[in-house]
Every structure is written in structure tokens, then in C-alpha cells.
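Here the structure is laid out as C-alpha cells; the discussion comes afterwards.
Bear in mind that the values in this text are calculations on the coordinates, not laboratory data. The structure presented is a predicted model; accordingly, all values stated were derived computationally and were not measured. Note that we place each Cβ from the backbone using ideal geometry, even for glycine, and neighbour counts take in every protein chain shown.
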Amino acid sequence: MAPSAPRTRAAAALRMKQIALDNQGRTIRRLRAQLATERRGLAATKKELKETQVALEDSHKVIAGLTEIGLSMTKNIEKMKVKKQLVKANHVECHQKFQARIHEAEDSMQVQHLIIEALVDEKDSLLQTIHGLQEANNAPAPFDGDWEEEPEEEPEEEEIEDIPLGEGEIDDEYDIY
């Protein structure tokens with residue numbers, strides 16, 4: 001038995017080494033598989049990162065465009081506000097001019113009415129003077145009593161209302177700016 005013991009020991013040592021090599025081979029294959037999986041995961045992560053960067057750049061471009069549009073709209077709104085103020089000021093000025101013209105027309109109508117009254121009074125005075133002179137001269141009346149005085153017509157005064165400045169509103173519904 002003695003001679004087979006060293007062979008058995010050598011065979012067992014070889015067998016142990018073979019088992020260790022087999023274990024190391026399996027470990028290497030398993031680690032290589034894990035490495036390949038990790039590399040695939042890393043490649044997918046890199047691809048996602050690149051896509052995210054592209055999407056981020058695109059969103060920055062969109063935000064910049066929207067900001068530019070917003071600034072442009074703000075400028076347009078400010079211009080419209082200025083135009084609206086100018087229109088309102090122009091409306092107030094026109095209203096004041098119109099009111100002044102109305103007052104001038106009313107004053108002119110009053111003056112004309114006074115002139116007409118004065119002329120009617122003068123006509124009546126002249127008729128009385130003519131009538132008095134005819135009676136003094138015993139002359140026949142030129143009108144033989146057919147004279148009918150037209151009744152004085154009181155001209156209807158059209159009152160034009162003053163439109164209070166604050167009550168005239170500008171209708172913004174049809175503003176085209």
C-alpha cells in the first residue's frame with residue numbers, strides 16, 4: 001500500500017488543483033458575463049445621457065424662443081397701452097373742442113334771438129310811428145285794417161346737453177391695434 005499512497009496523494013493534489021482551476025474558470029466566466037452586462041448597461045446609460053443632453057439643449061432653445069416671443073408681446077402690449085392713452089387723450093381733446101363749439105353755437109343763437117327780438121320791437125315801433133303819422137296827417141291807413149300781425153313765434157330752443165367729460169366712454173371693443 002505504500003507505493004500507491006504517494007500516487008494517490010499526487011492524484012488527489014492534481015485533482016484538487018484541477019477543481020481549483022475549474023472553479024477559477026467558472027469564476028472568470030461569471031465575472032466576464034457580469035462585465036459584459038455592466039458594459040451593456042454603461043452603453044445604455046451613455047446613450048440615455050446623450051439623448052437627455054440633446055433634449056435639454058432643445059428645451060433650452062424652445063425656452064429662449066418663448067422668452068423672445070414673450071418680450072416681443074410685452075413690447076407690443078406697451079405700445080398698445082401708449083396708443084390707447086393717446087386715443088383717450090385725443091378723445092378728451094375732441095370732446096372739449098366739441099363742447100366749446102356747442103357753447104359758441106348756443107351763444108350765437110342767443111345773440112341772434114336778441115337781434116330778432118330787437119328787430120321785432122323796432123318794427124312794432126316803426127309801425128306805431130307810421131300809424132301815428134298817418135293819423136296826424138289824416139291819411140288813410142295803407143293797410144285798410146287787413147293787416148294781420150303774425151303771431152310771434154317763439155323759436156324752440158334746442159337744448160344741447162353738456163356731456164360730462166367722465167361719462168363719455170371709449171368703446172374698446174372695436175380697437176384695432
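Placing a pseudo-label 7 Å from each Cα along the Cα-to-Cβ vector at ALA89 and ARG9 gives an inter-label distance of 11.7 nm. Computed extension length for GLU106-ALA118: 2.5 nm, one decimal, from 0.36 nm per residue of separation with the Cα-Cα distance subtracted. The distance between label points at MET16 and SER125 comes to 15.9 nm (points 7 Å beyond Cα on the Cα→Cβ vector). The fraction of all Cα pairs in the stretch 1-144 landing in successive 5 Å bins from 0 to the largest distance is 2, 6, 5, 5, 4, 5, 4, 4, 4, 3, 4, 3, 4, 3, 3, 3, 3, 3, 3, 2, 3, 2, 2, 2, 2, 2, 2, 2, 2, 1, 1, 1, 1, 1, 1, 1, 1, 0, 0, 0, given as whole percents. Note on the stretch 61-105: with charges restricted to the Cβ of Lys and Arg (+1) and Asp and Glu (-1), its dipole about the Cα centre is near 100 debye.
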